[in-house]
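Engineer: Below: one structure in C-alpha cells.
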DNA sequence: GTCTATAGCGGGATAGAC
DNA sequence: GTCTATCCCGCTATAGAC
C-alpha cells in the first residue's frame, strides 16, 4: 500500500519537533528519520535536501495563519478588531506546540540560507491590518490621537508574542516549572486585550504624568 | 609581550558576533579564530571547549545587567519605577548589537546543553521587581486594582523585549530595510513607558468596554 | 517506496614544536 | 602564548539493490 502522504506527514511532524527543539544546524537527518520511524535515506525521496524539508515544515504552519489574519471583516469597530487580531495571534501560537520556538529561531536566523519569508507574511498579514484599525479608531475618536500607530501596533502584538516565545521565562516566573497550562494562555489573552484597550482608549483624565 | 586579556577579548568578540549571527551549532571554531584574527587552535588555550566559550560570551553580557536591574532604589513611586525598569531594559538590549539575537537563541535553546541560566537571572532581576512595583501601586491607589500583577509585568516587559528581538520584523514593517536607527529605539522606549502608564493608571472613566 | 552501503567532506579537539 | 599537523568522528547526500 502506497502511504506517500502518510509517510511524508510523519517526516514533517518529526522534523518540526526536532527543528523546534534543536534548531536547524543541530538537527540531523538520521534523527528525523528515527523520530519518524522511517529510514533516514527515505527523506531524500520526499524532500530535495535538508533546507527544503525545513522550509516545508514552516510553510505548513504559516500558510493557514496568513489566510486567517486576512479574514477580518473590512468594516469593524477598531477595538473589536484589535480583540480579534489578538485572538487570531493566540490561535496561531497554539496551532502547534512548536510554533513559538520555530518563530524564535526564525527571528534569530532571519538572514540564514534556510530562513523563510515567514517574517514578511506575518507582518503584512496582521501588522498592517492592525495599523489600519488604529488609524480608523483615531479618526472616529475611540482611540487616543497622540499615539503613534506603528508603535502602538507593536505594543499590542508584543504582549502575546512575547508571552509565547519567552515561555521558559514566563512559566518559570509564574511558578509553573514544567510548562504552562493551556488555560493560562487563554487568560493571558483576555488580559492582553484589556491591557491594550485600556492603554489605547481616550479618557477624560485630569492627572498629568511625569515628563 | 603577553597579550592574554587582549587576545581573549578578541576571541570573545568574534565568538559573540558569530554565535549571534549563526547560532551555537552552526558556528565553527575555525570561523571564530579567523574572525578574531588568531589561530583557531589557540581558542583551546583560553577556553576548555566550545560550550564554555559560549557560556563565557553570555556571562560577559548578562552579568552587568543583573547588577544594573538590582540598582533600583527601594522606595520609589511605582510609575517612576516602571519607567526606570523599561529604560534599563533598553540599555541592556543596546549594550551590544548582538544581545537581542543571543537572547532569542537562548529562549529557543533553553533546554540545550549549551544553554545558560541567563533566563533565571533576567527574570529574578527585573521581573520580580516589576511585580513588586505593581503591587505597591495597587496598594497606594496609583495602579488599577483589577489588573493581574504578573500578567501586567509581562505586558510591560514584552513591549521592549519584542521590539528588539523581532527587529527583522519591526524594521521591515516600519520601512527601514537595513536595520533600525538607534534613535528609533529611544523613541519606542518613550512610547512603551507611556503606553504602559496609560494602561495601568486608574481613571474615572464612564465608558464600558464590550464584554 | 523503501532499504543498505558508502563516498566525501568538514567539524571539534589534541599533540607537540617553537 | 602561538602555530602546524592531524586524528577521529559524524554528518549530508547519493548509488543502487529490492
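Engineer: Would you mind classifying segment A:12-140 by shape? Square roots of the alpha carbon gyration tensor eigenvalues, ordered a ≥ b ≥ c; an a/c under 1.5 is rounded, otherwise it is prolate if a/b is larger than b/c and oblate if not.
Structural biologist: Here segment A:12-140 falls in the prolate category.
Engineer: From the square roots a ≥ b ≥ c of the eigenvalues of the alpha-carbon gyration tensor of the protein assembly as shown, which class results: rounded (a/c under 1.5), prolate (a/b over b/c), or oblate? If you can, show how the numbers build up before the last one.
Structural biologist: Working: a/c = 2.02, a/b = 1.28, b/c = 1.58.
Note, shape of the protein assembly as shown comes out oblate.
Engineer: In nm to one decimal, list the spacings between the residue B:48 label point and its equivalents in the other copies, with label points set 7 Å along Cα to Cβ, shortest first.
Structural biologist: Result for residue B:48, in nm, nearest copy first: 4.4.
Engineer: Along the Cα-to-C-beta direction of residue A:120, a point sits 7 Å from the Cα; which residues of segment B:164-180 have their amide N less than 17 Å from that point?
Structural biologist: B:168-179
Engineer: Here's something else I'd like to know. Output, in nm with one decimal and in ascending order, the distances from the residue B:10 label point to the matching label points of the other copies (7 Å from Cα along Cα-to-Cβ).
Structural biologist: Here the equivalent label points are 5.3 nm apart from this one.
Engineer: For residue A:39 and residue A:80 in one chain, what is 0.36 nm times their gap in residues minus the Cα-Cα distance, to one decimal in nm?
Structural biologist: Here the segment from residue A:39 to residue A:80 would lengthen by 9.8 nm.
Engineer: Quick one: check the C-alpha center-to-center distance for segment A:160-196 versus segment B:158-187, whole angstrom.
Structural biologist: Between the Cα centres of segment A:160-196 and segment B:158-187 lies a distance of 23 Å.
Engineer: Now for a separate question. Pick from B:189, B:112, B:20: which residue has the top mean-square fluctuation in a GNM of chain B where Cα pairs under 10 Å get a spring?
Structural biologist: The residue that fluctuates most here is B:112.
Engineer: Between residue B:139 and residue B:202, what length in nm is gained on full extension when 0.36 nm per residue of separation is reduced by their alpha carbon distance?
Structural biologist: 21.5 nm
Engineer: Residues of A:166-179, mean number of Cβ from any other protein chain within 10 Å of their own Cβ, rounded to a whole number?
Structural biologist: The per-residue average across the peptide is 5.
Engineer: Next question. Taking only Cα atoms, what is the 0 to 90° angle, nearest 10, from helix A:149-165's long axis to the longest principal axis of chain A?
Structural biologist: Roughly 40 degrees, rounded to the nearest 10.
Engineer: Report the residues of segment B:149-178 in range of a label on residue A:184: point 7 Å along Cα→C-beta, backbone N strictly under 19 Å from it.
Structural biologist: Only B:149-159 fall inside the zone, counting backbone N under 19 Å.
Engineer: To the nearest 10 degrees, how steeply does helix B:99-108 sit against the main Cα axis of chain B, on a 0 to 90 scale?
Structural biologist: Here the helix axis deviates by roughly 90 degrees.
Engineer: What nm distances, shortest first, do you get from the label point of residue B:203 to those in the other copies when the point sits 7 angstrom along Cα to Cβ?
Structural biologist: For residue B:203, the inter-copy label distances come out at 0.5 nm.
Engineer: Using 7 Å Cα-to-Cβ label points, what is the residue B:9/residue B:148 separation (nm, one decimal)?
Structural biologist: 4.7
Engineer: When 1/r is averaged over all different Cα pairs and the result inverted, which Kirkwood radius in Å belongs to segment A:1-66?
Structural biologist: For segment A:1-66, the Kirkwood estimate is 11.9 Å.
Engineer: Ignoring everything except DSSP H segments at least 4 long, calculate the 222 nm mean residue ellipticity for chain B; use -39,500 (n - 2.57) per segment, divide by total residues, nearest 500.
Structural biologist: -21000 deg cm²/dmol
Engineer: Measure nothing but the geometry: give the 0 to 90° angle between the long axis through the Cα atoms of A:182-200 and the longest principal axis through the Cα atoms of chain A, rounded to 10°.
Structural biologist: 30
Engineer: Comparing B:147, B:130, B:122, which has the greatest mean-square fluctuation in the GNM of chain B with Cα pairs linked when under 10 Å apart?
Structural biologist: B:147
Engineer: By count of other Cβ within 10 Å, fewest leading, how are B:75, B:16 ordered?
Structural biologist: Ranked by crowding around the Cβ, least crowded first: B:75, B:16.
Engineer: Of A:18, B:107, how do they rank once you tally other Cβ atoms within 10 Å and put the fewest first?
Structural biologist: A:18, B:107
Every number here is computed from the coordinates shown, using simple stated rules; none is lab data. Quick caveat, the model's predicted, so the values are computed rather than measured. Here the Cβ is made from the backbone with ideal geometry for all residues, glycine too, and neighbour counts use every protein chain on show.
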